[in-house]
Every structure is written in structure tokens, then in C-alpha cells.
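First up is the structure itself, then whatever we jot down about it.
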There are 2 protein chains.
Amino acid sequence: MFQNFDDIADPSRGPLRVAKLREQLVHDGLDGYLIPRADEHQGEYVPPSAERLSWLTGFSGSAGAAVVLADAAALFVDGRYTVQARAQVDADTFEILQVPNAKLSAWLGDNLKAGDKLGYDPRLHTIAEIERLGEALAKQDTGLVASRGNLVDAIWQDRPAEPLGQIAPHELRFAGQSAANKIADLQAQLVEAGDDATVLTLTDSIAWTFNIRGSDVAHTPVPLAFAILHAQDRPEIFIDERKLGDNARGHLAAVATIRSPEELSDSLSRLGQAEARVRLDPNRTAQWFVEALEEAGALITRAPDPCLTPKARKNAVEISGARKAQLRDGIAVTRFLAWLDIAAPAGGVDEIVAAKKLEEFRSDTGELKEISFDTISGAGPNGAIVHYRVTRSTNRALAPGELYLVDSGGQYEDGTTDITRTIAIGEPSDEMRTRFTLVLKAHIAIATARFPQGTRGCDIDPLARHALWQAGLDFDHGTGHGVGSYLSVHEGPASISKRGAAEIEPGMILSNEPGYYKEGAYGIRIENLVLVGELEEVAGGERAMMSFETLTLAPIDRRLVVVSLLSDDELAWLNAYHALVAGEIGPHLQDDDRSWLKAAAKPLTRVAS
Amino acid sequence: MFQNFDDIADPSRGPLRVAKLREQLVHDGLDGYLIPRADEHQGEYVPPSAERLSWLTGFSGSAGAAVVLADAAALFVDGRYTVQARAQVDADTFEILQVPNAKLSAWLGDNLKAGDKLGYDPRLHTIAEIERLGEALAKQDTGLVASRGNLVDAIWQDRPAEPLGQIAPHELRFAGQSAANKIADLQAQLVEAGDDATVLTLTDSIAWTFNIRGSDVAHTPVPLAFAILHAQDRPEIFIDERKLGDNARGHLAAVATIRSPEELSDSLSRLGQAEARVRLDPNRTAQWFVEALEEAGALITRAPDPCLTPKARKNAVEISGARKAQLRDGIAVTRFLAWLDIAAPAGGVDEIVAAKKLEEFRSDTGELKEISFDTISGAGPNGAIVHYRVTRSTNRALAPGELYLVDSGGQYEDGTTDITRTIAIGEPSDEMRTRFTLVLKAHIAIATARFPQGTRGCDIDPLARHALWQAGLDFDHGTGHGVGSYLSVHEGPASISKRGAAEIEPGMILSNEPGYYKEGAYGIRIENLVLVGELEEVAGGERAMMSFETLTLAPIDRRLVVVSLLSDDELAWLNAYHALVAGEIGPHLQDDDRSWLKAAAKPLTRVAS
């Protein structure tokens, strides 16, 4: 099993740990301290040694930040995590606030006095974060102070060691482009911009560039490492030698100089001595790098990590791999759905049983390297917790008359998958069916959307919300995120969301996952991955448009669809999708499952009025 | 007549004037000069004395900028103006480029050498513009240099004098809130932000704050003036005394200190001597103010003009006025459309005749103070020029088989109107009808949209484009803009467009005007003004939503509608809108016109299939 169901939250620990941190604040002459959910690489998953926010507060979500002052403390989370945070965190110790309505800077303005000093660990915050916060605090005459070392580490007695996950080369038959070739392309970018070097700190950028995969953090096959990419010289990669077998060492040594993480400071100093122009991504690189480089004499230029766009635009080999991974994953998910349809009504299926069974079907493929993330297996009201993680204490039976939401994915060497299905257990209510159908309309609006060159993710997002807004409903998360190729299941730079400022480009793989959540009752989400196609002429039109091709293959629960709420085009899409699923998945199933799929994928028809 | 049809463009003058400007460049030791279409107030309309861009290049559009170097020159315009610019400007002298695809900074990078100095007039560029351009140029080691005086003025022999339009108080029965009251509200904003003062440079902000209206520029009833709003003291308004009759002087003197424009520098110096915190809007205030204030010792803070949001959110009196203005204007437009339907097929109607006739119907109301802008009266291919202005040389007959696009508006003391209708002259083609219907679907998508608090204009814009994108079509302008109350027909801060970052708020009046343009053939646009309603519960929903109420009242050409392309909801909207128009406008028409409207507003029905 890649997933465990341990209860990791324990609100009772918060008060004592916060009290210790406050002693440390006094010791360090600070009036407050920031505790982000981040490591030095700003990735989504962090190793246990970097789970400082969770250790201090109990909150185990993938995004958030706490601030502890002498006599106040707050935890800031987004709309996905408010319900979870309330369950995991001691509310007497931490005020729980939802961004973006609540703002850290505003809270600090209300709670800090002029002259106060707020400490932060410069390795855990991006350049842009510190800049924004510094400006906001300067207005109220409070200072932002980089701490030497991390104050949480100072009080965290049994902090786990840093991981030493083994690294493997990512083969060319999956990557589609050699590391040498990628490095040459990136160097050309640097030369064109007049930069001498850039520092890569995102682990998936490093994994992509060097065609390596690691196992330092859960679910995402990245190694914790840093790299310096020189416009003219060989790249340097900073990585613990113990993670490298002979195979990986040889692969890396062919294109880069391998150095230990301890040598990073010296290499940055050398860039400074050479008065190099060093490009840093202010939104993704830790503030510490600015300080180290500027102190050494380097000139900092600002631009996005050069890997972001080429990594996001999958090449032909990666696209072909994604199709294979989707077929394989779709077979596993379809088998699971068929099993669920018989097992759940018979009783005895709970969220953990279901999540285990789903992982089992994926393991059965013989190709599963990891799951993409902890399966969100939420029955009834647990389905309304957007990033729900089932534990033994929250585990709930799949009961008749309730909805079951399952969001999961697999890491395969040829591709990363991510799929959500919402299933009616027994007889759903009319409200459930109506709202499921509105979410389906939102999903289809994205699946069928055409859009011109230059369209950003934020220009697509409203198309999904339209049907929900008209009904007085909405959901508090983005409609979609980028997905890596045997890499991060949440990959930048593009997202289909209100903040999605990156342009959608051909070759990107994105999720399409609108939802609806009724707190305390049920959750609905329908998620497929889509591939962005090339600009193409539209019959009868004038401007070439891009569109999405749905990659994910598994039936959508027909029993939850109110056909009369669908337009003819929407109904046609659903039936065509089910025909595709039946045609692709069906031949790979055993008899019983194939019969089940045939029924589950049967065309829906309009009742003559 | 408020409109004239003179040919103001003359590409032949460009080369000579540019040659003179180049002599001036040498004289001033500069390598280039920027000529924006802007005055000191950054308003949409500028007085003839500030029409430097038009004088130099021939281009008469409302937005654009030229740059002249020793051996190259370029004119940058947006998608609305590319066709017009090509017709008005000498292409041998000026390279014509379309923003945002083409970028001024990129062009300068290609055409300037390291060490070159580019001059600009700091009174004509906003703080943000100069900052962005300065950063871009610094990268390539070229400098941006503020010129003393304007280089175009130095060579413009017969430059018109600055206008002296009379100023009138804007009565409380139209404004709904006294100037004293508005000033107190604005002062409270300054106090809350800790600012000592702000400089108002937008003429419509000044007109709104002090409840005055002027006549210095065409179509928009604003006075050219500046004001300093003090957090604690009386405001100062800087205005030429010759513009003030006794009535206006008394009205202003009751709430402000009246000073001459020459005294502005002294007042800014006083702010500096007092080391005041002065708030400037970087996107709307000229760079000159930063220099004047910082030199004097003031501390600049940055925040939007405090009038923007209260001005945009109309109060109950202004909303009631808008309804009256719309009814009055709708009667005039409907009479025009009825006249057009008989006169055009009979022959003899051309674009100028039509524009004159429309102004005549508006004048007949007895309440018309001005037209909101030069009527866009475009037949056939002229309709495809988005901001077309008819002149005697471009004038075209309204010919059978063509479309006629008319975009116009009236300035009434109780409200500003803006309406576009597209009319079939004779028999339209199937393509015209199909594309008109797609634009109508876009229009209805906005008219019927619901959306939650926090929705920005850019979140609404894609709803309009969706139907067009699906058909491989699009349009190169925003879907809507804010509209003032007897003020600017294009009013910030909100817009329904890709760049519309301001949130849509209750009380705002916006245009809803998607379009489609086939260059060289025809143009389609359907524009109504809409009022943003308060947040309201939606039956069966959970979240309160805002929605739009359509204010404009005039029929939409039914002959151009392909009913089979409309959904049931869309068809119902169109028929309900026509019923509203017939009910509101009909009783105010004479017999013939009423009969015409009855037919023009008749419900459309689906042909049974």
C-alpha cells in the first residue's frame, strides 16, 4: 500500500508546542514567527523533516501558513481546507482564517505593534512572498527579519532525518527528449535573455531537465536536489551521493557535475565572484538564494523558471505515454467502479476498504509506481471536504442514499493520472441528481470549449462556473490544474482558475474538475484529464482555435444525470464519451466487468415529452 | 449638430512634420520621442490643443502612441483601430503595429542602440507607464529622459489655444449626493489610509466630486481642471476663472478654494514643505506630479483615485435618472429605426444622412446636452471598422443586401446613454444572419449572467465569447465598459474585458456589446447598457448572486435572428426584452411608429420541426 490511514492530526499537541515556540521567540528577540507549509523547494509534497506546519498546528493540508505571536496565533488556509483545518487544529490556540478573504498582512497589521519584529526562515519563503509581506509590514513600521536556522527545528526534538530516496534515470522511451538536449534548449533561453546562469530549485524542474526520478517525498517521484544551470558551462547538480546508484550516477555524470548539497553555497559564491547575471524565479525560488547571491556579488534578474513551459508542453512521446497510462488506469478504475456497484449495496464497504481496493486494482496493472496522491475517498458528508484524507477515526461506511466521491490517480512511468468520480450508493435524492447534472454541465463546458491563442486559464474557468452560478451555486477551488508526465500531479504554470494567468498552450495536460459541495451532506466532483490540442481551423469559422481532448477513460454515473437539464449538445457529448470509454476499456475487461461497463456506458435518451 | 463629418486625416502631412520633429530631436540632444494620445488628465477626449498624435501622424483614434527616432517611426494602436490607422497614416513614415501583440518596449529594443536617449513629456504619461518603460529600456542600457516642454508643441505653429468651456453646477436632483458630502466621504478614505492629501487629475473625478459639468472637450461634459483633496483642509481646485460664471463660482466656493492653474505648482510645493503623505494613482496620474511632489519633499503613496469606485456605483437618484434617460433615448432611437426601415430601402440614405437624422431625433427630446461620442454610422464594410467615424470622403450609401451598424449615445443631465444596433438593409445573407445570431447569443449570455461577489470583469468576458469561440470567431475589443452619469461614456474602473481586473459591484452601469467584424464586408455589434443589481438569493441555490438589468430600450433586428440557433432560454429572453421595449416605448410613439414597433417587437417563435 502506498497510502496509510493513520490519524496524524492531534489538536491537543498544539498548545504545548506553541508555548515552546513562544519561549524560542523570546530567546531570539522576535515578536512573532512565520511557519509556512513549504520546504526549500516550494513543492507540493514535503518530506517528513519539513512538515513543520503540521507538527506545530496539527493541520495536514497541502497548503497553508501559520503565524505565532507572543499572545496570538493564526492559521491561514484556502477554501479547500477550512473544514479540515477546523477538525485538525486547536481553535483556542490558533485562529483559523480563510484566504484570500482573510489576509496575513491585514492580520499582522491588527496584531503587531510598531517596532515589532516578525521572523521568518528565508529558505522556506519565495522572493515574492517576502517582498509583498515586507512592503505591507513596512507601512505599519514593523520589520521582517530572516532567522538564522529555523525556530521550529530548534524545539522539534524528534524531527525526522532528511530522506535519502533512490534516484533512477527516466528513460528516453518515456521522456521523449534527452537530458543533453533539454539542457541545450534551456541554455539557449539563458543566452537569449543575456543571463549567465539560473538556479533550479523546483524538484520537478530538476527531475524533468536531467531525466531522473526520485523517491524523497510521498507520491511525486522527485529527488530533493538543487541545480545551477550555466549558459555556457556544464550544469551543476547538488544531491546527496547516497541517493545515487551506479546507473543514476553515470546517467547524471554524462551531462552534469555532481556536487554535494553542502557545496551549493560555494557554487553560488563563485557566481558572485564572477559578477554573473543570475536568473531567479521570484515566485518559486526561496529568498535565501537572493541573499546568498547578492552578498557574493551576483546580479539578480527575474524571470520564470525556464523549465516551466517546456515541461508543461508534453512532447509526442509523453503524449503517447499519457494515452497508454490513461487506458491502463481507466481499466483499473472501471474494474473498481464495477466492484463498488455490487459490493457497496451489499454492505461492508467503507472509505478505507474502497481506497484499498482501488489501489489494489491499480497495482494489478503491474505498472503502478506510486499513487499520485492519497486517494480522497469520501462518503456522504466526508465528500464535502474538498481535500479529505480518510483515517481510521474519520472512516465512514458507504451507505445507501448517500454519494461517494473518489479522487485518485496513479504514477506510471509513461504518465501520471488523476480522476474523480462521484457515485450514487443506492437511490440518490433529486437535489443530488440536479446538482450532479449542473457539475456535469460545467465539466462538459470545459471538455468542449474552443479558444484562441493567448487564452489564459482564467479565461476558461468562468465557462465551467456559468451553469452553477446561474443556479446560485459555486465551488471554492480551481476548475483545473496542470499534470506532469510521471511527475507532479499538480504542475505549473497553467491552471484553469481565477488566478490562472498563464496561457494555455498545445501539449499541456490539465485536469477538468468542477465540483459542488454541500457541507455536512455530500460532495460532487467530476474530473477527467484533458490534452490541449494544436490550433485548428473550425468549419465555417475564421480564427484557428485550440480545444481539449479528454484523455481519462471511465464511466460517469448515469444514474445521477437529469437528462432534461442537458442541452442536445451536452447529451451528445456524454453519450459519445461513454461510447469511447466502452470501446477503449471494454475489450480489456473480464466478462462480468464488461457487461457492467456496457450498461454503465449505455446512451442516455431524452424522454419524449 | 454636435457631430461634424470633416475629413481630419491627411496622411500626406506626416512626412513633413516628422522631419521637423527629427530636427527638434537633434536640437534637444535626443534619439527619439514619444507622442501619446493623451493630455495632462489622461481622459479619453482631449482638447484640440492636445491632439498632438493626430497632428503628427494623421491618426484620429481615441487611443494610441507614436514613437519617432532618427531613422524609424512607429504608431501603436489596438485592434479597434488597425484598419483606421492604415487608412489615416502614411505607411512609409510610420510602421503601424497592433498592441498587445506588438510591444512598444520590444520595438524600442530593436530600434534603439545602447546609450540612446528617448525623450518623453512627463505631463502626458502616467507614473506606471514611465516605470514600465524605464525598466524595459534599462535592460538594454537606453535611457528615458523627461523633456522640458513638449517637442511637438515646439514645431506645431498654429496649435489651438486651450479651451475655455463654461462650467455649470450639476444639480443635486441629478447627482443625488452633495459635493460637501462626497468630499467628506473622500476625506474619510484618506484619513483611513493615513494619507494627508491626494491629487485629482482625472477630469471626470473632479466633475463628480464637485458636482460640476464643463464643456472643454467634445462629448464628455467635463472641465479641464486639477484638484488637491486634503484629508483635513478644504479642497483646492485649479481652474481658469474665465470658465466660471457667478453660479458656478458660488457653487464651487462653497466647498473648495478656487485657484488658477498657474498656482498648482505652488500648492504642490506646500505639500512638500509640510512633508505630506500624498496619494497618487500610478495608473492615472501623470509622472510630472511625482517629480514635482518628490522634489518638494512630499512622500508619495500609491493607491487608486479614491473617486473611482463611488463614482462608478451609481446612487438611487442617478439610477432613477438613468432609467429616465434610457426611456427618452430609447424613444429617439426607436423613431430613428422606424424611419430607417422606410427611408433606407427607398434609397438616398447614406451614413451621414443617417447620423444626422439620429441626432435630430435625440434633439427632438428637448433634453439632449451633447451626443456621448461621434456616432459610428457604418454601412457595409465601414461597419467592420470598429471605431469608424464617417467623413464626407468615406460616406457610403446604405445599400440593399448590406448591414448597417450604428453605435451612438446621448448626454442628458440625468444620464449618459450608449447603444448599438445592427440593421439589415434589404435581404441579409445566411452568413450575416448566422453570425448576427452568434453575437446575439453572446449578448444574451451577459444579459442573463449571474455571478458571485468578487467577480471581476475578466471573469464575465469569456461568457460572451464562448458562443463565438465555438464557431471559430471572436472580436478584438472588450465586451463592455463602465458608463458615467452625465459624464464619460467610457468610465472606469470596471470593464467586461480580458483585462478587467476591477470587481463588478452593485450600482455600476456597464455596456454589453459583443460584436463580430468581417473586414471589408460588414460589422455586427449589439449593445445595451446594463445595471449591476444587488446580491440576491437564487431560488433553489445557496449563494447570493449579482445579475444585470438591461436598461437600454430599443428593438433588436428580428430579421437577422436565426431562431434555430437560440436555446429556449435565449429565445425567451429576446421575446421578453421586446415585450419590455414595446411596453415602455410604444405609448410614447405616434401611430405609424407605434405600429412599426409592434411588428419589430413581435415575439419570434420556433418553426415546428
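Could you tell me whether any residue of region A:408-425 is of a type in the set (Lys, Arg), buried (at least 20 other Cβ atoms within 10 Å of the Cβ) and either closer than 20 Å to residue A:570 by Cβ or away from chain B (no Cβ under 14 Å) (or both)? Yes, because at least one residue in region A:408-425 is of a type in the set (Lys, Arg), buried (at least 20 other Cβ atoms within 10 Å of the Cβ) and either closer than 20 Å to residue A:570 by Cβ or away from chain B (no Cβ under 14 Å) (or both).
Summed over region A:193-210, residues that are outside any helix (DSSP H, G or I) and more than 16 Å from residue A:491 (Cβ to Cβ) total 6. Of all the criteria given as (1) of a type outside the set (A, V, I, L, M, F, W, C); (2) part of a loop (DSSP other than H, G, I, E, B); (3) out of contact with any Pro (no Cβ under 8 Å at 6 or more places or on another chain), the one not satisfied by residue A:134 is (2). When region A:337-370 is filtered for residues that are open to solvent by less than 40 Å² (accessible area, probe 1.4 Å) and among the aromatic types (Phe, Trp, Tyr), only A:361 remains.
Within region A:438-457, restricting attention to residues that are open to solvent by less than 10 Å² (accessible area, probe 1.4 Å) and of a type outside the set (Gly, Ala, Ser), the residue that is farthest from the other protein chains (Cβ to nearest Cβ) is A:440. Of all residues in region B:144-170, those satisfying the criterion of being assigned to a loop (DSSP other than H, G, I, E, B), more than 24 Å from the chain's Cα centre (by Cα) and of a type outside the set (Gly, Ala, Ser) are B:148, B:150, B:156, B:157, B:158, B:159. If you go through region B:432-476 and keep only what is modelled with pLDDT of 95 or more and of a type in the set (Asp, Glu), you end up with B:459, B:461, B:474. The residues on offer are A:288, A:208, and the sole one that is within 24 Å of residue A:48 (Cα to Cα) and either free of Cβ contacts under 8 Å to residues at least 12 places away in the same chain or in contact with a Cys (Cβ under 8 Å, 6 or more places away or on another chain) (or both) is A:208. When region B:247-268 is filtered for residues that are open to solvent by less than 40 Å² (accessible area, probe 1.4 Å) and among the polar types (S, T, N, Q), the ones remaining, listed by number, are B:260, B:267. Confirm whether residue B:391 is more than 24 Å from residue B:559 (Cα to Cα) and hydroxyl-bearing (Ser, Thr, Tyr). It is true that residue B:391 is more than 24 Å from residue B:559 (Cα to Cα) and hydroxyl-bearing (Ser, Thr, Tyr). Taking the criterion of being within 11 Å of chain B (Cβ to nearest Cβ) and open to solvent by 10 Å² or more (accessible area, probe 1.4 Å), the residues of region A:544-553 that qualify are A:544, A:547. In summary, strands (runs of 3 or more DSSP E) completely within region A:49-101 and bearing 2 or more residues that are free of Cβ contacts under 8 Å to residues at least 24 places away in the same chain occur at A:73-77, A:95-98. Kindly evaluate residue A:45 against the criterion of being of a type in the set (Ser, Thr, Tyr), out of contact with any helix residue (DSSP H, G or I) (no Cβ under 6 Å at 6 or more places or on another chain) and farther than 21 Å from residue A:161 by Cβ. No: the conditions fail for residue A:45.
For residue A:401, indicate whether it is farther than 24 Å from residue A:551 by Cβ and open to solvent by less than 10 Å² (accessible area, probe 1.4 Å). Here the answer is no, as residue A:401 does not meet what is asked. Number of residues in region B:106-129 that are within 21 Å of residue B:304 (Cβ to Cβ), in a helix (DSSP H, G or I) and either open to solvent by 20 Å² or more (accessible area, probe 1.4 Å) or free of Cβ contacts under 8 Å to residues at least 24 places away in the same chain (or both): the value is 1.
Here is the figure for region B:568-605: residues that are open to solvent by less than 50 Å² (accessible area, probe 1.4 Å) and either within 14 Å of another protein chain (Cβ to nearest Cβ) or in a loop (DSSP other than H, G, I, E, B) (or both) total 6. Scanning region B:588-609 for residues that are within 21 Å of residue B:342 (Cα to Cα), out of contact with any helix residue (DSSP H, G or I) (no Cβ under 8 Å at 6 or more places or on another chain) and among the small types (Gly, Ala, Ser) gives B:595, B:599.
Candidates in region A:458-478 are the residues that are among the charged types (D, E, K, R) and within 9 Å of another protein chain (Cβ to nearest Cβ); of these, the one that is nearest to residue A:536 (Cα to Cα) is A:459. Residues in region B:427-437 that are open to solvent by 40 Å² or more (accessible area, probe 1.4 Å) and facing chain A (nearest Cβ under 10 Å): B:431, B:434. Per the conditions (1) among the small types (Gly, Ala, Ser); (2) surrounded by fewer than 20 Cβ atoms within 10 Å (Cβ to Cβ); (3) within 17 Å of residue B:16 (Cα to Cα), the sole criterion not satisfied by residue B:73 is (2).
For region B:185-197, the count of residues that are of a type outside the set (D, E, K, R), open to solvent by less than 10 Å² (accessible area, probe 1.4 Å), modelled with pLDDT of 95 or more and over 27 Å from the mean Cα position of the chain (by Cα) is nonzero. Being buried (at least 17 other Cβ atoms within 10 Å of the Cβ) and out of contact with any Lys or Arg (no Cβ under 6 Å at 6 or more places or on another chain) is a property that residue B:317 lacks. One residue stands out in region B:492-543 among those that are within 14 Å of chain A (Cβ to nearest Cβ) and of a type in the set (Lys, Arg): the one that is most open to solvent (accessible area, probe 1.4 Å), namely B:499. Residues in region B:291-314 that are under 26 Å from the mean Cα position of the chain (by Cα) and not charged (D, E, K, R) were compared, and the one that is most open to solvent (accessible area, probe 1.4 Å) is B:304. Set side by side, the residues B:253, B:316, B:248, B:286 differ, and just one is among the small types (Gly, Ala, Ser) and either in contact with a helix residue (DSSP H, G or I) (Cβ under 6 Å, 6 or more places away or on another chain) or over 22 Å from residue B:177 (Cβ atoms) (or both), which is B:286. Given the conditions (1) at pLDDT below 90; (2) open to solvent by 30 Å² or more (accessible area, probe 1.4 Å), report the number of the one that residue A:146 does not fulfil. Failing condition for residue A:146: (1).
Can you find even one residue in region B:273-287 that is among the β-branched types (Val, Ile, Thr), part of a helix (DSSP H, G or I) and either in contact with a His (Cβ under 8 Å, 6 or more places away or on another chain) or modelled with pLDDT of 95 or more (or both)? No.
For region B:1-16, the set of residues classified as out of contact with any Ser or Thr (no Cβ under 7 Å at 6 or more places or on another chain) and open to solvent by less than 50 Å² (accessible area, probe 1.4 Å) consists of B:10, B:11, listed by residue number.
The values are calculated or read from the model by the stated rules, or taken from the named source; none is laboratory data. Values in this document were obtained by computation on a predicted structure and should not be read as measured data. Ideal geometry is used to build each Cβ from the backbone, glycine not excepted, and the neighbour counts take in all protein chains shown. When the accessible area is computed, the model is the full protein with side chains, heavy atoms only, and any ligands, DNA or RNA have been set aside. Shrake-Rupley method; radii C 1.70, N 1.55, O 1.52, S 1.80 Å.
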